[in-house]
Ligand SMILES: Cc1cc2nc3c(=O)[nH]c(=O)nc-3n(C[C@H](O)[C@H](O)[C@H](O)COP(=O)(O)OP(=O)(O)OC[C@H]3O[C@@H](n4cnc5c(N)ncnc54)[C@H](O)[C@@H]3O)c2cc1C
C-alpha cells in the first residue's frame, strides 16, 4: 500500500528553524555563484534601498549576500503591446510623492508572465467547454476568449481610441488624455472596442499595414477596464517573485510587510506599528535580494 | 478494466467528514480494510505548506488548492425561467480538492449549532403559529437533537483542538462565553487565540450598546496541542495567510493535521489520491462499490461492503444523481428529494448586512491574524430574538474577524467615495488599509421550494458526465432580514466604535455567483425522519440502501447563521459511532 507519511507535526519554533536553514542554504548555494549581471538595474536599486544598503556602483554589480538577480523580460507581450500597457497601468497606479507607480513597480512584467499561462483566468482555472452563450450578469462572463487574447484586443482598442480621438498612439498622448480614455472605458464608453478604431498601423514605421489587423475584432470595453484594473493591482500587490511589486513598492505604500513567518509577538500589541523588515517569498526561499529580518 | 480486491469500507472524498469516519473506523474496528478515494493530491505541512504558502497570488487569487474548474464546475441560474450557465471561474464558493478537503485551507471558525435549530420548523411553528413561515419555505427538523449530538461535538472539538470560551457549561452560564449556545459537557480544549485590535474595538462597541460579545471559536491552535489521538498541532504564528492557504506551522486543525495521519498510522487505511469517483454502483437494494477514474484517467471499479459518500455538498448530490440513487427532486411536481433544499448564506462581501469602519488614529494591522481571530455576538442569530413583530424569520451570528488581509483582494474596502484608481485611490489605500475593520452578519439561508440542484442538461465535466445545476436566489425574507440587522444592529455598533468613516450596508441583490462569498453550501441529500421528506436518516444512511452513508453538509436540511464545519464534524463522529457500534454488527437501517 502506498502510505504517504506525514512528518511529526512540528511547532512553530521547529518550522521556523527549518525555514531559516532552508533560507541559509539557499542563499549560500546560489549566492556563492554570484549575481548574474543583467539589465535589471531598477529592481536591484530598489532592493538595495529596501535593505538600507548603498545602491550598487554599477548596474548588475554582484552584491554580497544577495541571491542571483533574475533576468527580466517579456515572454508574452511585444514591445508595442508592453508600451501601451505600461502607459495604461501607470495611469491606474501613477508614480507620485507616495512612491513608485505601476511602471516602476514592474506591473507589466507581472501581467506579461500571467499571459503566458493561456489556461488561467484571473481567479485561476477556467472551465472552457461550450456552448459559450452569454447569460445574465449574475452568471459571469461566458466568453471562450483567453485573458491573453482579451489583452491583445484591448491594447489595440486603447491604441485605436487614442489615434481616433487625439491623432497619436496611446503611449504618446498626455497622461490627462490617457486618463480620459480609461475613465470612459470604465463607464462602458464605447460599448465595445478593438482594432476597428485604429487609424494607422500601431507602431510608426512598423512593417505591415492596417490590413494586417483585419478583420476587425472587438471586446466589451468596461469588462476590459475591470480586467486591466484587477491585473494592475495584482501586479502591484503580488509577491515580487511574480515579477511586479518591485522593491515591494505596493506593500510599502499600504503597510503590508509581505511574506512573514508570523506575528506571534505582535498580534497582541494593539495599535502599534510593525517595525520588522518587509520580506518577499524570495527571501524566505533563500533567493534573497536582500537579507530579511 | 482491472478488477481490484474487494474491501470492507470504501470512502469517497477524504475531507473533514471522510477523514473523521476513516479514522474512527480504523481505530475502533481493527479488522476492517478501508480504502478512500480522493480526487485531489496528497499535500501536507511538509513538504508542501511549510515553504510555499505565503503567496497571495498563487493561493488566494489563483486558487491553487481548490477544485480544478477546468475539469469540473457547476452551472447556475437564479430561477427556473433562466437557462443555466457554467461558473467558468471562481466564484462564490471554492470546493476543496485534495486529501484533507476544504479544511486544509479553511479559516477555522468552529461553531456548534443552537439546540432548537435541529427542530427548527417545530420550534418556529410552536412559537409563532403555523401561518408565520412563508408558504414556499421547506425548512424541516433534522431527526437528531442537540443533546444526542453533544458528545460528538465534544469529540470533534477535542480532536481538532478548538480554542474558545464556553458560555454554557452543563446549563450554567459562563461569563465571557456565548450565553446562547447549547449546554456543553466540558470547556473548550484550548483557551481563545490572541485576538487582533480591530475585533477588540468591535467587542467594546458591541458591549457598549448592550450586547454580550465573546471570542469566536477557532481551529487555529493558540499553543502546541496534543489531541486524544496523539496527534500534535503546532502553535499559530498569526501569519495572516490562512483562508485559502495551507498552514506552514501545522497549527490549523484540519484532517491533515489530525484524523488523517492518525488513520494512516493504523496501517489499515489506504488513500488513493487523484482518484475521481463518478458512480456509486448498486443493485437497487444495496451499494456494491464505486466506479472511478484513476490518476491516469482510466476507469476502475472498487467493490466494498460499506460505502461512505463524503465528497462535499455538490459532489455528494451529483454522485447520487449520476448513480440513479433516490428520486431527483422536481420542484414543479413537488416530488423526489435528491437535490432539494439547497441553501447558502448572506453576508460575506457583496450582499448582506455588512459594516466597514475606518479610524484616522488607530492602526489595526489587518495583515496580522489567523483564520478565526475575532469576537462575535449571538443576540441576532436565528430565533435568539423575538420575531413576533417582525416580517421575517431567521438571523445570523455577527462577528468581526481578523483573518489577515493580503492586499490583492484585501487592500480595500475603502471609505465611501474613494476613487477606484489613480492618485486618489493610491492615497486612499495608503491611508486606510491598516486603519480599518469589517464586521458582518453571517445570515441564515432558509430552504425554499424553488432553490435546488439537479443535473445540467447541456454542460459536462472533463470526463463527459453532466455537471450539477444550481437554481438559487434570495427571497424577500432574507432581504428584510439583512436590512433589519444592518439598520438596527450594525449601525449602532458601528457608531459605538467611533470611527472616522463608516459604511453600513443591508442590501441583497439577486444572488451573483461571480464574487467569492463563502464555501458554506448545504443541502441536496438532506436528512429527516422519513423517506418521504429526506434522502438519508439522521445517521446519513440512504433510505433503501442501508450500506450507503452520506456525510457532510449535503445532509443539512437548511443552513444556519454559523459556519458549518463544527456540525459536519459532529455528525461525522455520530455516523462513525453508529457504524462501529451498531451497523457492523446488525446491518440494516439504523433507527
Ligand atoms: C476558504 C475557505 C474557508 C472556510 N472557512 C470555514 C470556517 O471558518 N468555518 C467553517 O465551519 N467552515 C469553513 N469552510 C468550509 C469547510 O471547509 C467545509 O465545511 C468542510 O471542509 C466540509 O467538509 P466535508 O468533509 O463535507 O468536505 P471537504 O472537506 O471539502 O472534503 C470533500 C473531499 O471530497 C473530495 N471529492 C469531491 N468529489 C470527489 C469525487 N468525485 N471523487 C473523489 N473525491 C472527491 C474533495 O476533493 C474533498 O477533498 C471554509 C471553506 C473554504 C474554501
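The values are calculated or read from the model by the stated rules, or taken from the named source; none is laboratory data. Given the structure is predicted, the values throughout are model-derived calculations rather than measurements. All Cβ positions, even for glycine, are placed from backbone atoms using ideal geometry, and neighbour counts span all protein chains on display.
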- [ ] Go through the residues of the stretch B:345-359 one by one and say whether even a single one is farther than 20 Å from residue B:405 by Cα and either within 14 Å of another protein chain (Cβ to nearest Cβ) or within 14 Å of the ligand (Cβ to nearest atom) (or both).
- [x] yes
Task: Complete set of residues in the stretch B:226-242 that are surrounded by 24 or more Cβ atoms within 10 Å (Cβ to Cβ) and either at pLDDT below 95 or more than 9 Å from chain A (Cβ to nearest Cβ) (or both) - done: B:242
Task: Subset of the stretch B:224-272 that is touching a residue at least 24 places away in the same chain (Cβ under 8 Å) and assigned to a helix (DSSP H, G or I) - its residue that is nearest to residue B:566 (Cα to Cα) - done: B:255
TODO: Kindly provide the set of residues from the stretch B:169-186 that are outside any loop (DSSP other than H, G, I, E, B) and in contact with a strand residue (DSSP E or B) (Cβ under 6 Å, 6 or more places away or on another chain), ordered by number.
DONE: B:169, B:184
Open item on the list: Criterion first (in contact with a strand residue (DSSP E or B) (Cβ under 9 Å, 6 or more places away or on another chain), modelled with pLDDT under 95 and more than 11 Å from chain B (Cβ to nearest Cβ)) does residue A:207 satisfy it?
Closed with: no
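Here's the yes/no breakdown for (1) away from the ligand (no atom under 16 Å from the Cβ); (2) within 14 Å of chain A (Cβ to nearest Cβ); (3) closer than 30 Å to residue A:122 by Cα:
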{"residue": "B:10", "(1), (2), (3)": "no, no, no"}
{"residue": "B:17", "(1), (2), (3)": "no, no, no"}
{"residue": "B:20", "(1), (2), (3)": "no, no, no"}
{"residue": "B:29", "(1), (2), (3)": "yes, no, no"}
{"residue": "B:33", "(1), (2), (3)": "yes, yes, no"}
{"residue": "B:40", "(1), (2), (3)": "no, yes, yes"}
{"residue": "B:48", "(1), (2), (3)": "no, yes, yes"}
{"residue": "B:53", "(1), (2), (3)": "no, yes, yes"}
{"residue": "B:64", "(1), (2), (3)": "no, yes, yes"}
TODO: Could you identify the single residue in A:239, A:283 that is crowded, with 22+ Cβ neighbours inside 10 Å and more than 9 Å from chain B (Cβ to nearest Cβ)?
DONE: A:283
Open item on the list: Given the criterion surrounded by fewer than 23 Cβ atoms within 10 Å (Cβ to Cβ), touching a helix residue (DSSP H, G or I) at 6+ places or on another chain (Cβ under 6 Å) and at pLDDT 95 or above, identify the matching residue among B:407, B:457, B:466, B:419.
Closed with: B:419
Task: In the stretch A:123-142, the residues that are touching a residue at least 12 places away in the same chain (Cβ under 8 Å) and more than 7 Å from chain B (Cβ to nearest Cβ) - done: A:130, A:132
TODO: Might you let me know whether the stretch B:375-388 holds any residue that is within 29 Å of residue A:259 (Cα to Cα) and surrounded by 24 or more Cβ atoms within 10 Å (Cβ to Cβ)?
DONE: yes
Open item on the list: Given the criterion farther than 30 Å from residue B:301 by Cβ, more than 9 Å from chain A (Cβ to nearest Cβ), modelled with pLDDT of 95 or more and near the ligand (Cβ under 10 Å from one of its atoms), identify the matching residue among B:97, B:107.
Closed with: B:107
- [ ] Report whether or not residue A:104 is touching a helix residue (DSSP H, G or I) at 6+ places or on another chain (Cβ under 6 Å) and more than 9 Å from chain B (Cβ to nearest Cβ).
- [x] no
Open item on the list: Every residue in the stretch B:350-364 that is part of a loop (DSSP other than H, G, I, E, B) and more than 18 Å from residue B:501 (Cβ to Cβ), please.
Closed with: B:350, B:351
Open item on the list: Please count how many residues of the stretch B:260-279 are farther than 16 Å from residue B:101 by Cα and away from every other protein chain (no Cβ under 11 Å).
Closed with: 2
- [ ] State all residues of the stretch B:274-287 that are within 16 Å of residue B:541 (Cα to Cα) and within 12 Å of the ligand (Cβ to nearest atom); if no residue qualifies, say none.
- [x] B:280
Open item on the list: Need pairs with beta-carbon distance below 9 Å; first residue over 28 Å from residue B:255 (Cα atoms) and within the stretch B:311-334, second assigned to a helix (DSSP H, G or I) and within 14 Å of the ligand (Cβ to nearest atom); sequence gap 6+ or separate chains.
Closed with: B:325/B:319; B:326/B:320; B:328/B:320; B:328/B:321
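Yes/no matrix, rows are residues, columns are (1) surrounded by fewer than 21 Cβ atoms within 10 Å (Cβ to Cβ); (2) under 23 Å from residue A:239 (Cβ atoms):
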{"site": "B:20", "(1), (2)": "no, no"}
{"site": "B:23", "(1), (2)": "no, no"}
{"site": "B:30", "(1), (2)": "yes, no"}
{"site": "B:34", "(1), (2)": "no, no"}
{"site": "B:62", "(1), (2)": "no, yes"}
{"site": "B:73", "(1), (2)": "no, no"}
{"site": "B:76", "(1), (2)": "no, no"}
{"site": "B:85", "(1), (2)": "no, no"}
- [ ] Examine the stretch B:299-313 for a residue that is in a loop (DSSP other than H, G, I, E, B) and away from the ligand (no atom under 14 Å from the Cβ), and state whether such a residue exists.
- [x] no
Task: strands (runs of 3 or more DSSP E) contained in the stretch B:487-591 and holding at least 1 residues more than 16 Å from the ligand (Cβ to nearest atom), modelled with pLDDT of 95 or more and surrounded by 22 or more Cβ atoms within 10 Å (Cβ to Cβ) - done: B:501-507
Open item on the list: Scan the stretch B:115-132 and tell me whether some residue there is within 16 Å of the ligand (Cβ to nearest atom), more than 14 Å from chain A (Cβ to nearest Cβ) and at pLDDT 95 or above.
Closed with: yes
Open item on the list: Out of the residues in the stretch B:274-287 meeting the condition of being crowded, with 21+ Cβ neighbours inside 10 Å and farther than 14 Å from residue B:38 by Cα, tell me which one is farthest from the chain's Cα centre (by Cα).
Closed with: B:287
- [ ] For the stretch B:288-297, name all the residues that are away from the ligand (no atom under 14 Å from the Cβ) and either part of a strand (DSSP E or B) or in contact (Cβ under 8 Å) with a residue 40 or more places away in the chain (or both).
- [x] B:288
- [ ] Could you tell me whether the stretch B:70-87 includes any residue that is more than 11 Å from the ligand (Cβ to nearest atom), away from every other protein chain (no Cβ under 13 Å) and at pLDDT 95 or above?
- [x] yes
